[in-house]
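Asks: Could you have a look at this structure, given as structure tokens, before my questions?
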Amino acid sequence: MKLVFAGTPEVAVPALDALIASDRHEVAAVITRPDAPAGRGRRLVASPVAERAEEAGIEVLKPARPRDEDFLARLREIAPDCCPVVAYGALLPKTALDVPARGWVNLHFSLLPAWRGAAPVQHAVMAGDEVTGASTFLIEEGLDSGPVYGVLTEEVRPTDTSGDLLTRLAFAGAGLLAATMDGIEDGTLHAVPQPGEGVTLAPKITVEDAQVQWSAPALRVDRVVRGCTPAPGAWTLFRGERLKLVQAVPVLDRTDLAPGELSVGKNNVYAGTGSHAVELLWVQPQGKKPMKAADWARGVRIAHGELLGL
């Protein structure tokens, strides 16, 4: 099939690579979000998908809005058979959805209908799911509600951050998307409607969602830290400034600390929760780089009984 691939961040690059490498399909063009300011200089930078497509000599389309008529006209000129999508980052209007004869097929990082929305992996980690996965489905106008072509499953490991899990799903999902394109092309694969039960939503995680509540059990604190790593980053307040929590682990045998209370040993920093303590391993003070929590604690000279979260 002639394909036009839509995607933006680094997590979409493995799928683009898999389709470029396919000897059954042609990636005729790539659609991605416009260049965005990045770094201290706020210089405009192309998306990872745009950079990869340009390396491969593939035409790159960067519409400000997918409903722009110039973009739609070019898409109709290319006349793709199918448009595979991975984390494109913009809603597709019906005028765009109607262009490819075999539709737009999204690789979504959950086992649909669970975790429909922008942040399925983060929500899976924060909810304590033991198994998640990826699904390919035919995009319709509803939110991730279209019929499903294929799925794969992936174990959520006890120490997984959302970044760890998303990286594994990106590579495994690339194979699933390529296989889905093959099955659509040869007519052996047919989309199956999603069940009406088991629908959960995964909206974008906000900075407010990432604030650690020390009155919650240690297990919940652990899930929030892992689920919000690397973005937007779990955080708390310390002496009125934000402190990011990069890595923390529950300590089952320590229950003597009040919620948010800090205890500092020679090489360890503990914080109380609503159940047992967590050990802070890596933190990031405001305006600084990540550092070992023990080094941070020595630098700020934590007083006895001092609290996080105030």
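The values are calculated or read from the model by the stated rules, or taken from the named source; none is laboratory data. Everything numeric here is computed off the predicted structure, so don't read it as measured data. Please note: Cβ atoms are built from the backbone with ideal geometry, for glycine as well, and neighbour counts cover all protein chains shown. Just the protein is used for accessible areas: all its heavy atoms, side chains included, with ligands, DNA and RNA removed. Shrake-Rupley method; radii C 1.70, N 1.55, O 1.52, S 1.80 Å.
Asks: Among the residues in region 201-209, are any part of a strand (DSSP E or B), in contact with a helix residue (DSSP H, G or I) (Cβ under 8 Å, 6 or more places away or on another chain) and crowded, with 20+ Cβ neighbours inside 10 Å?
Replies: no
Asks: Related question: Looking at region 27-44, which of the residues that are under 20 Å from the mean Cα position of the chain (by Cα) and hydrophobic (A, V, I, L, M, F, W, C) is farthest from ARG67 (Cα to Cα)?
Replies: My answer is ALA38.
Asks: Here is a follow-up. Go over the candidates LEU44, LEU61 one by one and state the one that is of a type in the set (A, V, I, L, M, F, W, C) and over 14 Å from THR8 (Cα atoms). Walk me through it before giving the result.
Replies: Values: LEU61 fails: over 14 Å from THR8 (Cα atoms).
After ruling out the rest, the residue left standing is LEU44.
Asks: Over 25 Å from PRO232 (Cβ atoms) and in contact with a strand residue (DSSP E or B) (Cβ under 8 Å, 6 or more places away or on another chain), is that true of PRO80? Before you say what the answer is, go through the steps one by one.
Replies: On the way: over 25 Å from PRO232 (Cβ atoms): yes; in contact with a strand residue (DSSP E or B) (Cβ under 8 Å, 6 or more places away or on another chain): yes.
So PRO80 fits the description; yes.
Asks: Restricting to region 245-264, name every residue that is among the polar types (S, T, N, Q) and either closer than 22 Å to PRO285 by Cα or under 31 Å from the mean Cα position of the chain (by Cα) (or both). Explain how you work it out, then say what you get.
Replies: As a first pass, look at region 245-264 and keep what is among the polar types (S, T, N, Q): 247, 255, 263.
Hits for region 245-264 are GLN247, SER263.
Asks: On to the next question. Restricting the search to region 210-231, which residues are in contact with a helix residue (DSSP H, G or I) (Cβ under 6 Å, 6 or more places away or on another chain), open to solvent by 30 Å² or more (accessible area, probe 1.4 Å) and assigned to a loop (DSSP other than H, G, I, E, B)?
Replies: PRO230
Asks: Considering only region 28-55, how many residues are surrounded by fewer than 13 Cβ atoms within 10 Å (Cβ to Cβ) and either of a type in the set (Asp, Glu) or out of contact with any strand residue (DSSP E or B) (no Cβ under 8 Å at 6 or more places or on another chain) (or both)?
Replies: Just the residues of region 28-55 that are surrounded by fewer than 13 Cβ atoms within 10 Å (Cβ to Cβ), to begin with: 36-44, 55.
Right, trim to either of a type in the set (Asp, Glu) or out of contact with any strand residue (DSSP E or B) (no Cβ under 8 Å at 6 or more places or on another chain) (or both) and you get 40-42, 55.
Summing the residues that are surrounded by fewer than 13 Cβ atoms within 10 Å (Cβ to Cβ) and either of a type in the set (Asp, Glu) or out of contact with any strand residue (DSSP E or B) (no Cβ under 8 Å at 6 or more places or on another chain) (or both) in region 28-55 gives 4.
Asks: Out of the residues in region 129-149 that are polar (S, T, N, Q) and buried (at least 23 other Cβ atoms within 10 Å of the Cβ), which is farthest from ASP160 (Cα to Cα)? If you could, list the steps in order and put the result at the bottom.
Replies: Residues of region 129-149 that are polar (S, T, N, Q), as a first pass: 132, 135-136, 145.
Pick out the ones that are also buried (at least 23 other Cβ atoms within 10 Å of the Cβ) and you get 132, 135-136.
Details: THR132: 12, SER135: 20, THR136: 23 Å.
Applying the filter and picking the extreme gives THR136.
Asks: Kindly evaluate ASP253 against the criterion of being assigned to a loop (DSSP other than H, G, I, E, B) and open to solvent by 50 Å² or more (accessible area, probe 1.4 Å).
Replies: Values: assigned to a loop (DSSP other than H, G, I, E, B): yes; open to solvent by 50 Å² or more (accessible area, probe 1.4 Å): yes.
So ASP253 fits the description; yes.
Asks: Name every residue in region 232-266 that is modelled with pLDDT of 95 or more, closer than 26 Å to VAL156 by Cα and not hydroxyl-bearing (Ser, Thr, Tyr), in order of residue number.
Replies: PRO232, GLY233, ALA234, TRP235, LYS244, LEU245, VAL246, GLN247, ALA248, VAL249, PRO250, VAL251
Asks: Given the options PRO48, PRO63, PRO84, name the one that is closer than 24 Å to ALA134 by Cα and touching a Phe, Trp or Tyr at 6+ places or on another chain (Cβ under 8 Å). Before the answer, list the steps.
Replies: Working: PRO48 fails: touching a Phe, Trp or Tyr at 6+ places or on another chain (Cβ under 8 Å); PRO63 fails: closer than 24 Å to ALA134 by Cα.
None of the other options fit; the residue is PRO84.
Asks: Taking into account only those residues within region 262-284 that are under 18 Å from VAL224 (Cα atoms) and not hydrophobic (A, V, I, L, M, F, W, C), which is surrounded by the most Cβ atoms within 10 Å (Cβ to Cβ)?
Replies: THR273
Asks: Would you be able to tell me the number of residues in region 109-128 that are on the phi > 0 side of the Ramachandran plot and open to solvent by 20 Å² or more (accessible area, probe 1.4 Å)? Can you show your working first?
Replies: Taking region 109-128 first, the residues on the phi > 0 side of the Ramachandran plot are 115, 117, 128.
From what is left, the residues that are open to solvent by 20 Å² or more (accessible area, probe 1.4 Å) are 115, 128.
Qualifying residue count for the region: 2.
Asks: If I go through region 121-148 residue by residue, how many of them are touching a strand residue (DSSP E or B) at 6+ places or on another chain (Cβ under 9 Å), in a loop (DSSP other than H, G, I, E, B) and under 25 Å from ARG226 (Cβ atoms)?
Replies: So the answer is 2.
Asks: Can I ask one more? Would a scan of region 64-86 turn up a residue that is touching a Ser or Thr at 6+ places or on another chain (Cβ under 9 Å), aromatic (Phe, Trp, Tyr) and open to solvent by less than 30 Å² (accessible area, probe 1.4 Å)?
Replies: Within region 64-86 (the criterion being touching a Ser or Thr at 6+ places or on another chain (Cβ under 9 Å), aromatic (Phe, Trp, Tyr) and open to solvent by less than 30 Å² (accessible area, probe 1.4 Å)), the answer is no, since none of the residues qualifies.
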